[in-house]
Structure formats: C-alpha cells, structure tokens
Amino acid sequence: MSEDIASVLTGVGPRLKALRREHGTTLARLSEMTGISLSTLSRLEAGQRKPTLELLLPLAKAHGVQLDELVGAPATGDPRIHARPFTRCGVTYIPLTNQLGALRAYKQILPGGNAPLAKPDQRAHEGYEWLYVLSGRLRLLLGEHDLVLTAGEAAEFDTHIPHAMVNADAEPVEFLSLFGPQGERLHVRAKPTGR
C-alpha cells in the first residue's frame, strides 16, 4: 500500500469523529441511523478498523457529505468547491470548504416567518466560530448576551460558551460561518496597502 493511500485511510477515523461531534450525534444514534454496530463505529473512529465502502457509504449519507469529503481524498487539481447544500432542523447549509477535519466555512440560511423563541436552547461544544451576516437579522444568544446582528456585522466566539442562533425577523437571514472544530481561531492576513 502506498504512503498516500495509508495516509488517507489513517485520516478517516478522526474525520468521522469530528463530523459526528460537530453535529452533536452520539455513537448510539449514528448506529441507529446507519445500521452499523456501535463497536464497529467506535473502532472506525479510533483507527482500529479499516474503513470500507460498505461502512463509509451509509456514514456519508447519515452525515450529508460526499464520500470523497468523508475520506479526505487527495485533491485532483481543480480548486473549485462543488457545494452540495443540505438542510438540518430547517436550516440550509451550503459548504464552502471541502476539508472536514480543518477550518470549515458555510453559508447558512435560516428561514423567516416563524416567531422567534423567547429563549432558544443554547448548546456548547468544542471549537471556535466566526459569523458574518449577509442579509436579514440574526439573533445570537451567547452565554448571558442576547444580540441581534444585521447585514455587515460579524461576531466571533469560543463555542464552549453556550450559544444559539435564530432568525430575529420574518424575512430569511443569510450568514457566513467559519468554524474550527478544535478551537482554531481565524487568522486573517492581508498585505498592507502601499501609499
């Protein structure tokens, strides 16, 4: 087996674990969704079981990602992202990155028309997030803070702080989200403009 193939196969377990945690899914729930035993899923994530198509296909479907994204297949030279939007809990996600284990970018669309909850449930998890509102009004509950972000506003926070994002208006809200699963922070580098 070549080093390239061995490297790809070694990275599958951590990708599976990061993806499952990002979605807040337990191993037991994933087992129910895929029909794969709990012990097999655990061994796959730990790198103790070789990933096969029979295991990876149902996992890709359950997570709503393409197989090559799940596996971390080497780039083919084409830098374009072939986004496949998916919807979870009424929120449309448009992936803007191909890499599952690294910093990820999404465009998210929260539908309008629903009365916002008085106090939505807040969740905390591993990672760091940056948001930028493209249009509409996004309500961000972050710990004890209750903020409304409008088009052109941004926020960043450690996702260990309990948080929730909901639409603050009757119109849809669209925003960009950058998420680092292990707490990576966004680093923006720009060349200084010459005067």
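Just so you know, all these numbers are worked out from the coordinates, no wet-lab data involved. Bear in mind the structure is a predicted one, so any value in this text is a computation, not a measurement.
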Restricted to Cα positions, what overall size does segment 86-180 have along the principal axes? Three whole-Å values, descending. 35, 26, 25
Over all Cα pairs of segment 3-71, the Kirkwood radius sets Rh, and Rg/Rh then becomes 0.92
